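Participant: Dropping the structure in here first, questions after.
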Amino acid sequence: MKQKGEKIVALSVYDAPTAGFAEELGVNLLLVGDSLGMAVLGYDSTIPVTLGQSLHHCAAVRRGAPATFVVGDMPFMTFQVSIADAMKNAARYLQEVGVDAVKVEGGEKMAETISRMVGAGIPVLGHVGLLPQKVLISGGYRLAGKTNQDAERVLADAKAVEGAGAFAVVLEGMPADLAAHITQSLHIPTIGIGAGPECDGQIQVSSDILGLLPGFTPKHAKRYADLASVIKQAFGDYLAETRTGQFPS
Ligand code: KIV
């Protein structure tokens, strides 16, 4: 698709019905992101998400979208402790829930881990730029690559991930011109989020574009629906009709 100039459309989803809708519409790649923490589990970051929770939701997405390329996003501390640990945990995604690949956050520092995973037959999607799993030390969700020095670092991270054998890389939260430059510099596809229009594809968190979390729309997200209002209206109607005896008829 990169070679043909066709945009890759990716979506973070967490449950079987939503995955099924995305498959029906031909979404190219489904990520069971660790955004699961905020989108579904009620946490305020991705840090608390566990391997068990991620695998549980990957299994649901796999069942809902059996014919789509599904990627499991390895949570905080499931791949950083040691390479052996990372490989064993990554294998669980392929063997226990049958997803097609895993995603790991990090650039140069994760290159050896990615290389060992790919060498063992585990397809890896990289993720560089703004790294939500580093939010506790970066002090917030800050754009990456704003200074020349930082932009060089992000480019080096992307190249390291490519060199390690990742099949594609997510570029998160960086200036559009940097993402465009990285996209031109790599052979593998780039999938952007908050990284401008020049990436080879885009990824969005489904609950952001559906308007499921009222009061929270990150800058990079476009709200295509207001499902929170639709759900509240339906619950309200059910409540009222049950209390007045209109339901069940
Ligand atoms: O967790 C997630 O959904 C992600 C994407 C936004 C890339 O990492």
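Participant: Using amide H atoms built 1.01 Å from N in the peptide plane, name the residues 5+ places from Ser12, or on other chains, whose amide H lies under 5 Å from its own.
Facilitator: Leu31, Gln204, Val205, Ser206
Participant: Counting other Cβ atoms within 10 Å, keep those with at most 12, restrict to DSSP loop, and tell me which trypsin sites (Lys or Arg not before Pro) in segment 98-188 are left.
Facilitator: Arg142
Participant: Quick one: Cα convex hull volume of segment 8-244, Å³ per residue?
Facilitator: That works out to 129 Å³ per residue.
Participant: Taking the radius of gyration and the Kirkwood hydrodynamic radius from Cα positions alone, what is the Rg/Rh ratio for segment 78-119, to two decimal places?
Facilitator: My calculation puts Rg/Rh at 0.94.
Participant: If you bin every alpha carbon distance in segment 32-77 into 5 Å steps from zero, what whole percent lands in each bin?
Facilitator: Answer for segment 32-77: a P(r) of 5, 26, 31, 22, 11, 5, 0 percent.
Participant: What FRET efficiency comes out for Val81 versus His56 if R0 is 25 angstrom and r is the Cβ-Cβ distance? Round to the nearest 0.05.
Facilitator: For R0 = 25 Å, the calculated efficiency reads 0.75.
Participant: Give me the percent relative contact order of segment 8-244, please, defined on Cα pairs under 8 angstrom at least 6 residues apart.
Facilitator: 15
Participant: In a shell of Cβ-Cβ distance under 13 Å around Leu130, excluding Leu130 itself, what net charge do Lys and Arg (+1) and Asp and Glu (-1) give?
Facilitator: Taking every Cβ under 13 Å from that of Leu130, the sum is +1.
Participant: Once you list every other residue whose beta carbon is under 13 Å from the beta carbon of Tyr93, what net charge do they have if Lys and Arg are +1 and Asp and Glu are -1?
Facilitator: That sum, taken over residues with Cβ under 13 Å, equals 0.
Participant: Here are some pairs, Lys103/Lys159; Lys103/Lys146; Lys7/Lys88; Lys4/Lys219; which of them have Cα atoms lying more than 22 Å apart in this structure?
Facilitator: Over 22 Å apart, Cα to Cα: Lys103/Lys146; Lys7/Lys88; Lys4/Lys219.
Participant: Can you tell me the dipole magnitude for segment 9-94 around its Cα centre, using point charges on the Cβ only (Lys, Arg +1; Asp, Glu -1), in Debye to the nearest 20?
Facilitator: 260
Participant: I want the antiparallel fraction of DSSP beta bridges within segment 8-244, as a percent rounded to 5.
Facilitator: 5
Read the figures in this text as sums done on the coordinates, not as results from a lab. These figures come from a predicted structure and were not determined experimentally. We place every Cβ from the backbone using ideal geometry, glycine too, and count neighbours over all the protein chains shown.
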